Amino acid sequence: MALAVATVVAMGCSGDANTDGTGGNQGKGGEGGSMSSSSSSSSGTGGVGGAPECPTDEATVLAATELFFGEGNSGEWKAFGFNLDGLESTASSKDLCQPNADAAPSTPYPDGDMGRDNSFGKNLLPLILSLYPTWVTDINNGIQKGFFTSMLKLECLPPEGDVAVMTTKLFGATSLGMAPLWDGTDKWPVAPELLSDTTDPDSSTIVFNGSSVMGTTFDAGKGTFVLTVPLKTMTDSTSIKLTLYNAKLTMTLSDDRKSSTGGMIGGVLNTEEFVAEVKKVGALLDLCESQVFTNIITQVRQSSDMLTDGTQDPTKTCDGISIGLGFEMKEVQLGDVGPVTPVGAACP
């Protein structure tokens, strides 16, 4: 079970994931994991000059209610993520970066449907599920019990009509303290790690000034997303910070724009940044000297399928791992600032 939790870091989900094998209240090895995604002051791809001024109290806040990982034995992972490098790659393609850690080309490739880049779904998700079959269920149970979520604040979203350019902020959320009602009244505490002012829950450092709405489709624009992964055992805890580069986020808004379906996020983890974060989990679980943990690190490196910036270059070694996941959201409210998650030691 400990190995499963170590591999969970690959997903970059946030929440209180117990790693003592009991899973907190009811789970097995972790109630948490969140899409708590963010962007580092990205201006996105839409509009010139950024979004127009908007009163901060005029906004719709949506929170993740369910996450989708593409698990299954029929290549379900292929439908998750985006074609980040603009290619439809196979193991025999010649225009790709060179495999990492002596990986066979058939490890990171082929791509998913229509060139969707999701080496995490192809390689690391099956490893997680082989060690921890109920991982996805436990993650979504954590959302439904109010242990965690992530929130998207769409500023000045009108009740109808297209929006060529608008501002969107992303927030992590700490425990609600109860099961959410999902009726628009849930007031989630805001994770302080992504705030510029830890006394101001609205001060997200994660701002997309080039978001847009066309019909029912919301597009955050490209940016750099940060995913936070708090983990704890009975005696210790840590916090994992993952960064997705060249990332995209889209979703389909409901008619009243109070919920969304068909959400998709995709991006690239820098391989060595990711390995450094996985080593925090190794230290948390006292696995630093384990050969099995060493093998997991090798498998992570071998999953590298592109460069960190989302491109390909046959003269360079792949140093990024593509990832894609789906989500649904419903309206909530921003609460006060929640507690800080501690950061622990890492394996050498």
Point to revise | Residue in the range 266-280 that is touching a helix residue (DSSP H, G or I) at 6+ places or on another chain (Cβ under 8 Å), at pLDDT 95 or above and over 24 Å from Ser89 (Cα atoms) present | key: no
Exercise for review: Scan the range 57-76 and report the pairs whose first residue is aromatic (Phe, Trp, Tyr) and whose second residue is at pLDDT 90 or above and assigned to a strand (DSSP E or B), with Cβ atoms within less than 6 Å and a gap of 6+ or a chain change.
Suggested key: Phe68/Gly326; Phe69/Leu325
Practice item. Filter the range 57-83 for residues that are assigned to a strand (DSSP E or B) and touching a Lys or Arg at 6+ places or on another chain (Cβ under 7 Å) and give the result. Key: Ala59, Thr60, Val61, Leu62, Ala63, Thr65, Phe82
Check your understanding: In the list Val213, Val207, Val229, which residue meets the criterion of being at pLDDT 80 or above, crowded, with 20+ Cβ neighbours inside 10 Å, out of contact with any Lys or Arg (no Cβ under 6 Å at 6 or more places or on another chain) and not small (Gly, Ala, Ser)?
Key -> Val213
Check your understanding: Can you tell me which residues in the range 302-329 are buried (at least 21 other Cβ atoms within 10 Å of the Cβ) and not in a loop (DSSP other than H, G, I, E, B)?
Key -> Gln302, Met306, Gly320, Ile321, Ser322, Ile323, Gly324, Leu325, Phe327, Met329
Revision key, fill the gap. Of the conditions (1) surrounded by fewer than 21 Cβ atoms within 10 Å (Cβ to Cβ); (2) part of a loop (DSSP other than H, G, I, E, B); (3) in contact with a Ser or Thr (Cβ under 7 Å, 6 or more places away or on another chain), the single one that Gly86 does not satisfy is (3)
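Kindly indicate whether any position in the range 162-178 is surrounded by fewer than 18 Cβ atoms within 10 Å (Cβ to Cβ), closer than 17 Å to Met251 by Cβ and not β-branched (Val, Ile, Thr).
yes
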Exercise for review: Kindly indicate whether any position in the range 251-273 is more than 23 Å from Leu124 (Cβ to Cβ), buried (at least 23 other Cβ atoms within 10 Å of the Cβ), of a type in the set (S, T, N, Q) and touching a residue at least 24 places away in the same chain (Cβ under 8 Å).
Suggested key: yes
Point to revise | Candidates Leu285, Leu249, Leu244, filtered to the one that is at pLDDT below 90 and more than 22 Å from Pro108 (Cβ to Cβ) | key: Leu285
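The values are calculated or read from the model by the stated rules, or taken from the named source; none is laboratory data. This structure is a prediction, so every number in the text was calculated from the model and none was measured. As a convention, Cβ positions derive from the backbone with ideal geometry for all residues, glycine included, and neighbour counts pool all protein chains shown.
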